[in-house]
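Worksheet for the structure shown next.
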Amino acid sequence: MKFKDFVTLQRGFDLPKTKMCKGPFPVVGSTSIIGYHNEFKVKPPGVVMGRSGSLGTIQYINEPFWPHNTSLWVKDFKGNNPRFVFYRLQGFNFANFNSGAGVPTLNRNHLDGLELEVTPLPIQHRIVNILSAYDDLIENNTRRIQILEQMAQSIYREWFVHFRFPGHEKVKLVESPLGKIPQGWEVLKLSTLVETQYGYTETSSSEPVGPRYLRGMDINKTSYIQWDTVPFCPISQTDYPRYKLFFGDVVVIRMADPGKAGIVEQDFDAVFASYLIRLKIYSPKLSPYFLFHFLISDYYQGYIKGVSTGTTRKSASSAVITDVEILIPPTSIRQRFEDESGALRKLLTALVKINANLRRTRDLLLPRLISGELSVENTGGNT
């Protein structure tokens, strides 16, 4: 069967960032949801793939959406199971069809004559039943992860923004450079509590040529690190000790998405990239989770937005990133927050690990099921 007889692809629709709003409908770009809008163009189910910038990333959308012009979306499934189409398209290396001179670009017309094998519809249903079971578990765990994220962030806001910390009824508020704060709390410059270190410059690789290579794009969308998607890099034995990441390390992006922060919550053989800055805590008045939640707070993100430089690509130096006042509570309160938020983040990390294992198993099954190497004749069921 030719590709054009399998599905019909359509280029996405123009929508400048200035036109995006807080509507209910996701705007789907080349690799992910890039915003929201108050109108949609396509009803679900939808399958979207990268067309410009990032090629071939396949996304399944189960709600009304707006496919952005950086993507291609399936206009006609030609009677195939939409979820099967989603899985089947993951078997192609669309980078081989790049037609862009500078920015990678995928021309859908170049795919029309591509030959591919497509299994009969009953078999498609069975394959979807198997693979979607993994995806459903991953999605459920992801929702639980988001709840745990929100719980930890809510504790930070309650205690250190609204000052409703344990025992707050007995503490009066006093004036400070940050306004009224609980008596006995301090306002200090972050630069007096941490040292900064720029990351390692190297080219990332999908092959395990060395340790994992943590980049800005690995921490700018979630509050946790999905280590199974982090690439590798070569590094000498001389440089490795200097850039090795340790449990509890906090890193901040300095270019493109300045101020976005990540925290290392798993023991991995990893180093960090040059667009990141490691904040090394050397003061006993600071601890990893307290620092991390300060960095992802509205207060700090507002500060970074105001001081970042650059018109097309924002950036912030290590001096700028740490030239901010931070409110320091008494050790007993900070340590209690560290314990409570740490317990929530431990549960979160366990779910992140489970999802990584589920994705790994699903990705091993997918090509074997699609190719017919693994039979599904006796599994039964429809979707």
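The values are calculated or read from the model by the stated rules, or taken from the named source; none is laboratory data. The shown structure was predicted, so the numbers you read here are calculated from the model rather than taken from an experiment. All Cβ positions, even for glycine, are placed from backbone atoms using ideal geometry, and neighbour counts span all protein chains on display.
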Any residue that is under 20 Å from Glu139 (Cβ atoms), assigned by TED's automatic domain parsing to the domain that holds Arg108, touching a strand residue (DSSP E or B) at 6+ places or on another chain (Cβ under 6 Å) and not in a loop (DSSP other than H, G, I, E, B) - is there at least one of those in the stretch 67-77?
no
Please verify whether Val118 is part of a loop (DSSP other than H, G, I, E, B), surrounded by 17 or more Cβ atoms within 10 Å (Cβ to Cβ) and out of contact with any Gly (no Cβ under 7 Å at 6 or more places or on another chain), treating the condition exactly as stated.
yes
Given the structure, is Leu364 assigned to a loop (DSSP other than H, G, I, E, B), without any contact (Cβ under 8 Å) to a residue 60 or more places away in the chain and closer than 26 Å to Ile130 by Cα?
no
Close pairs from the stretch 25-42: first in contact (Cβ under 8 Å) with a residue 40 or more places away in the chain and under 23 Å from Thr105 (Cβ atoms), partner in a loop (DSSP other than H, G, I, E, B) and among the aliphatic types (A, V, I, L, M), Cβ under 8 Å, at least 6 apart:
Val27/Leu15; Val27/Met20; Ser30/Leu55
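For (1) over 21 Å from Ala256 (Cα atoms); (2) modelled with pLDDT of 95 or more; (3) in the same structural domain as Ile296 (by TED's automatic domain parsing); (4) β-branched (Val, Ile, Thr), each residue gets a yes or a no:
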residue	(1), (2), (3), (4)
Glu158	yes, yes, no, no
Val161	yes, yes, no, yes
Pro166	yes, yes, no, no
Leu193	yes, yes, yes, no
Val209	yes, yes, yes, yes
Scan the stretch 131-184 residue by residue and report those that are closer than 30 Å to Leu365 by Cβ and without any contact (Cβ under 8 Å) to a residue 12 or more places away in the chain.
Ala133, Asp136, Glu139, Asn140, Arg143, Gln146, Ile147
With respect to Gln183, is the statement that it is under 29 Å from the mean Cα position of the chain (by Cα) and under 30 Å from Lys285 (Cα atoms) true?
no
Residue in the stretch 271-292 that is assigned by TED's automatic domain parsing to the domain that holds Val209, among the hydrophobic types (A, V, I, L, M, F, W, C), touching a residue at least 60 places away in the same chain (Cβ under 8 Å) and assigned to a loop (DSSP other than H, G, I, E, B) present:
yes
Checking the structure you have, find out if any residue of the stretch 332-350 is in contact with a helix residue (DSSP H, G or I) (Cβ under 9 Å, 6 or more places away or on another chain), farther than 30 Å from Leu121 by Cβ, basic (Lys, Arg) and touching a residue at least 60 places away in the same chain (Cβ under 8 Å).
yes
Looking at Ile370, Ile328 in this structure, which one is at pLDDT 95 or above and of a type outside the set (Asp, Glu)?
Ile328
If the requirement is being more than 26 Å from the chain's Cα centre (by Cα) and over 20 Å from Gly372 (Cα atoms), which of these qualifies: Arg143, Arg108, Arg126?
Arg108
Would you confirm whether or not the stretch 1-24 contains a residue that is under 18 Å from the mean Cα position of the chain (by Cα), assigned by TED's automatic domain parsing to the domain that holds Phe97 and part of a loop (DSSP other than H, G, I, E, B)?
no
Failed item, numbered, when Glu207 is tested on (1) in a loop (DSSP other than H, G, I, E, B); (2) out of contact with any strand residue (DSSP E or B) (no Cβ under 8 Å at 6 or more places or on another chain)
(2)
Got a number for residues in the stretch 302-334 being among the polar types (S, T, N, Q), in a helix (DSSP H, G or I) and surrounded by 14 or more Cβ atoms within 10 Å (Cβ to Cβ)?
2
Number of positions in the stretch 242-257 that are at pLDDT below 95 and not aliphatic (A, V, I, L, M):
1
If Glu338 satisfies all but one of (1) in contact with a Ser or Thr (Cβ under 6 Å, 6 or more places away or on another chain); (2) in the same structural domain as Ala256 (by TED's automatic domain parsing), what's the number of the condition it fails?
(2)
Output for the stretch 84-98, where each listed residue is assigned to a helix (DSSP H, G or I), under 23 Å from the mean Cα position of the chain (by Cα) and in contact (Cβ under 8 Å) with a residue 40 or more places away in the chain
Tyr87, Leu89, Phe94, Ala95
